[in-house]
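Undergrad: First the structure, then my questions, so here it is.
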Amino acid sequence: MPDMLLVSDTETPASSSINYLQCFSMSIGQVMFQGNIMTGLFFLAGILVNSRNAAVYTILGVLLPLPLAILLGADSEALNIGLMGYNGVLCAIALGGKSWMSLYGLYVPFYSLLYCKLWE
């Protein structure tokens with residue numbers, strides 16, 4: 001009887017098939033349910049026009065979950081379509097500090113992102 005669950009000998013690391021620009025912009029676009037690279041960049045530009053602080057937290061909200069998702073073995077296709085970054089964007093914008101001097105504003109988004117990624 002042949003084994004049906006044979007593992008292939010060729011392993012590719014999870015980060016080899018990740019398109020980081022697509023992952024970055026699609027994560028921002030997924031906040032408004034738009035699955036397009038340009039839409040995510042336009043949303044980031046709009047956030048930047050509105051508030052530089054919110055734009056920085058948006059960028060952090062996209063970039064902080066990526067290494068954690070890669071370490072936890074997330075599917076590269078889910079990363080590429082932005083499904084692992086939009087929660088980070090929402091948490092970082094909502095819980096980010098209102099001023100640059102707020103240390104509390106830096107810790108809350110980081111720990112909320114960690115919490116979201118561990119429970120996904």
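None of the figures in this text is laboratory data; all of them are computed from the coordinates on show. None of these values were measured; they are calculated from a predicted model. Virtual Cβ from ideal backbone geometry, glycine too; neighbours counted across all protein chains shown.
Undergrad: Please work out the FRET efficiency for the pair Ser17 and Leu71, using the Cβ-Cβ distance as r and a Förster radius of 22 Å; give the result to the nearest 0.05.
TA: 0.85
Undergrad: Starting from the Cα-Cα distance between Met32 and Ala78, subtract it from 0.36 nm times their residue separation and give me the gain in nm to one decimal.
TA: The Met32-Ala78 span can extend by a further 14.9 nm.
Undergrad: Let me ask another. How large is Rg/Rh for the stretch 40-92, to two decimals, with Cα atoms and a Kirkwood Rh?
TA: 1.02
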